[in-house]
Amino acid sequence: MSKNTVLSMQKQKRAGEKITMVTSYDYSMARLVEEAGINAILVGDSLGMTMLGYADTLPVTMEDMIHHTAAVSRALTNTFLVSDMPFLSYQTSERDALANAGRLVKEGHAQAVKLEGGATVASQIKAIVDAGIPVQGHIGMTPQSVNAFGGFKVQGKDADAAKRIVEDAYQVQEAGAFSVVLECVPAPLASFITERLDIITIGIGAGSGCDGQVLVYQDLLGITRGHAPKMVKQFGQLGDAIVGCYKAYAEEVRSGAFPAAENAFALDEAVMDEVRKSF
Ligand code: KIV
C-alpha cells in the first residue's frame, strides 16, 4: 500500500473511492491498523473514555493526547495520522489553537489535527491551516459539547438545526480544513453536505453517503462492554475472545499446566549441583 496523504485522500474522494479511518491510541493496535491497510488513524479524545475510563471527553489534556499520539506514530509508515485537540485547547483563542496544534505535530508527530465546531471555531481552523497544519473539522454531535446538548444525541433533526449544520460545514471548508467529520447527523443531511462540499466528509452515525467512515476501535472490534449504540457495527467479538484467553491463562497457571517445559529455560545439571553445594 502507498503512503496516505491529504492529497491521496482527496484523490480518493474525487474517484468516488471510500476512505477508511479508525481510532487508535497505542502502538500495538496501530501496528495492526497499518497492517490492515486502513487509510487514516484518529487518535481521538475518545481515549478519555475508552483508555482512561472517564465518563466523557472533557477531562482529556494536551499531555494525554501527545502521549498517545506519539505512541501511535511510532507504528505507522503509510497510515495518515490525525490527532484530536482536547477540550479548551483551541476554543480559547487562535493563539492557543495554533500553539496546541503545533504541539500535537511537533511532540506527537501527528500529520493533521481535528477540532470540534463549525462557525464558532472557523478563525482557529484558519490560523492552524495558515501555519501549514492540515485540519479536520468535526460537526453535528460534538462530544465536547455534551453538556450543552444534554447528552449524546442525533443533531440536525429540524430544519433550523439541519441548516445550521450545513452552514457549519461550509464554514469549516472555507476556513481551509481538508476534511470534516459528521457525527450523528441524519443520513440524508450528511449525503447533501457530502455532495456539495469539495472537502472530504467522514461519517460516524451519518449514513453511507459520506466520503468515508470512522469508528472507535473498541466498538468495531466488540471490545466495548454493554449496550452498543445504533451507529456502531461490531465486526468481531474480541472482548469475549480476550476474556476467554485470560481465563484459559489463569486456569493453566492455577493448575500448573503453564509454563510447560518448552516455555522455560534449562540449566546444566552440573551448574545446578554447584549452586546446591554453595548454599
Ligand atoms: O474522539 C473520537 O474518537 C472522535 C470520533 C468519534 C470521530 O472524535
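The values are calculated or read from the model by the stated rules, or taken from the named source; none is laboratory data. Keep in mind it's a predicted model, so treat the numbers as computed, not measured. We place every Cβ from the backbone using ideal geometry, glycine too, and count neighbours over all the protein chains shown. Side chains included, ligands, DNA and RNA excluded: accessible areas come from the protein's heavy atoms. Shrake-Rupley method; radii C 1.70, N 1.55, O 1.52, S 1.80 Å.
Descriptive notes on the structure:
- Members of the stretch 140-159 that are at pLDDT 90 or above, exposed (fewer than 10 other Cβ atoms within 10 Å of the Cβ) and either on the phi > 0 side of the Ramachandran plot or in contact with a Leu (Cβ under 9 Å, 6 or more places away or on another chain) (or both): Asn147
- Tally of residues being crowded, with 20+ Cβ neighbours inside 10 Å, away from the ligand (no atom under 14 Å from the Cβ) and free of Cβ contacts under 8 Å to residues at least 60 places away in the same chain across the stretch 39-54: 0
- For the stretch 164-215, a residue qualifies if it is within 16 Å of the ligand (Cβ to nearest atom), open to solvent by 40 Å² or more (accessible area, probe 1.4 Å) and hydrophobic (A, V, I, L, M, F, W, C), but none of them does.
- Just one of (1) within 22 Å of Met85 (Cα to Cα); (2) surrounded by fewer than 18 Cβ atoms within 10 Å (Cβ to Cβ) fails for Ala36. It is (1).
Let's see how each residue does on (1) touching a residue at least 24 places away in the same chain (Cβ under 8 Å); (2) in a loop (DSSP other than H, G, I, E, B); (3) within 16 Å of the ligand (Cβ to nearest atom); (4) open to solvent by 30 Å² or more (accessible area, probe 1.4 Å):
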{"position": "Asp56", "(1), (2), (3), (4)": "yes, yes, yes, yes"}
{"position": "Met65", "(1), (2), (3), (4)": "yes, no, yes, no"}
{"position": "Thr77", "(1), (2), (3), (4)": "yes, yes, no, yes"}
{"position": "Val82", "(1), (2), (3), (4)": "yes, no, yes, no"}
{"position": "Pro86", "(1), (2), (3), (4)": "yes, yes, yes, no"}
{"position": "Ser89", "(1), (2), (3), (4)": "yes, yes, yes, no"}
{"position": "Ala97", "(1), (2), (3), (4)": "yes, no, no, no"}
{"position": "Gly102", "(1), (2), (3), (4)": "yes, no, no, no"}
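- Count - residues of the stretch 114-155 that are more than 16 Å from the ligand (Cβ to nearest atom) and more than 18 Å from Gly44 (Cβ to Cβ): 14
- Candidate set from the stretch 1-24 (those that are polar (S, T, N, Q) and modelled with pLDDT of 95 or more); member that is nearest to the chain's Cα centre (by Cα): Thr23
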